[in-house]
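K.L.:
Quick one: the structure is below, and I'll ask about it shortly.
The values are calculated or read from the model by the stated rules, or taken from the named source; none is laboratory data. In this text, all values refer to a predicted model and were calculated from it rather than measured experimentally. Cβ placement follows ideal geometry from the backbone for every residue including glycine, while neighbour counts extend to all protein chains displayed. Note: areas computed on protein heavy atoms with side chains; ligands, DNA, RNA excluded. Shrake-Rupley method; radii C 1.70, N 1.55, O 1.52, S 1.80 Å.
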Amino acid sequence: IAVVKSYFIQNGNKVSSVKRNEALRMVIEVVVPKNMEYVLLEVPLPGGFVYNTQLGIAKNYHEIHREQFRDMTAIACRKLEPGKHKFYIELIPRFNGSFTVLPAEFGQMYFPTFKAYSEKQTVLVGE
């Protein structure tokens with residue numbers, strides 16, 4: 001159905017360990033093989049992180065709705081053309097330690113049997 005990857009960018013560089021209390025961007029890449037309508041991307045909030053509300057929301061132009069819950073961000077798109085699409089979530093790590101980034105879930109809203117998931121990751125937060 002699709003390929004989903006997620007990673008972090010801090011100070012313009014792709015990173016696997018981040019600095020506490022420094023803003024970063026979580027990037028979710030979705031590669032869609034064919035036209036898809038009414039899709040939903042659910043991205044769990046990594047443990048120890050909070051939303052960066054100072055920067056606002058960096059929206060992809062395909063988005064029709066985005067909702068940030070305590071534990072995840074839900075992004076809805078009416079239509080996605082074939083190709084690579086990037087979605088961004090602005091975050092701030094609040095605590096030191098090793099945290100698990102649960103898989104993001106991508107699928108059609110009205111055909112929930114077809115879903116794609118990103119890989120589970122671990123992110124290190126330090127001084």
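K.L.:
Of all residues in region 51-91, which are within 14 Å of Phe106 (Cα to Cα) and in contact with a Pro (Cβ under 9 Å, 6 or more places away or on another chain)?
P.N.:
If the condition is that a residue be within 14 Å of Phe106 (Cα to Cα) and in contact with a Pro (Cβ under 9 Å, 6 or more places away or on another chain), then Met72, Thr73 are the ones that fit.
K.L.:
Separate question: Only one of Glu67, Glu37, Glu119 is without any contact (Cβ under 8 Å) to a residue 12 or more places away in the chain and not hydrophobic (A, V, I, L, M, F, W, C); which?
P.N.:
So the residue among Glu67, Glu37, Glu119 that is without any contact (Cβ under 8 Å) to a residue 12 or more places away in the chain and not hydrophobic (A, V, I, L, M, F, W, C) is Glu67.
K.L.:
Sticking with this one: Determine if region 44-52 includes at least one residue that is open to solvent by 80 Å² or more (accessible area, probe 1.4 Å) and of a type outside the set (Lys, Arg).
P.N.:
no
K.L.:
Can you name the residue in region 68-84 that is more than 16 Å from Ala2 (Cβ to Cβ) and of a type in the set (A, V, I, L, M, F, W, C) and is also least open to solvent (accessible area, probe 1.4 Å) among such residues?
P.N.:
Per the criteria, the residue is Ala74.
K.L.:
Something else now. For Gly107, state whether it is part of a loop (DSSP other than H, G, I, E, B) and of a type outside the set (D, E, K, R).
P.N.:
So Gly107 does not fit the description; no.
K.L.:
Okay, moving on. Run Phe114 past the list (1) farther than 23 Å from His65 by Cβ; (2) out of contact with any Ser or Thr (no Cβ under 9 Å at 6 or more places or on another chain); (3) at pLDDT below 90 and report the number of the one that doesn't hold.
P.N.:
Only one criterion in (1) farther than 23 Å from His65 by Cβ; (2) out of contact with any Ser or Thr (no Cβ under 9 Å at 6 or more places or on another chain); (3) at pLDDT below 90 is unmet by Phe114, namely (1).
K.L.:
Would you confirm whether any residue within region 10-18 is open to solvent by 80 Å² or more (accessible area, probe 1.4 Å), of a type in the set (Val, Ile, Thr), modelled with pLDDT under 90 and in a strand (DSSP E or B)?
P.N.:
no
K.L.:
Scan region 57-67 and give yes if some residue there is of a type outside the set (A, V, I, L, M), out of contact with any strand residue (DSSP E or B) (no Cβ under 6 Å at 6 or more places or on another chain) and open to solvent by 50 Å² or more (accessible area, probe 1.4 Å), otherwise no.
P.N.:
Yes, because at least one residue in region 57-67 is of a type outside the set (A, V, I, L, M), out of contact with any strand residue (DSSP E or B) (no Cβ under 6 Å at 6 or more places or on another chain) and open to solvent by 50 Å² or more (accessible area, probe 1.4 Å).
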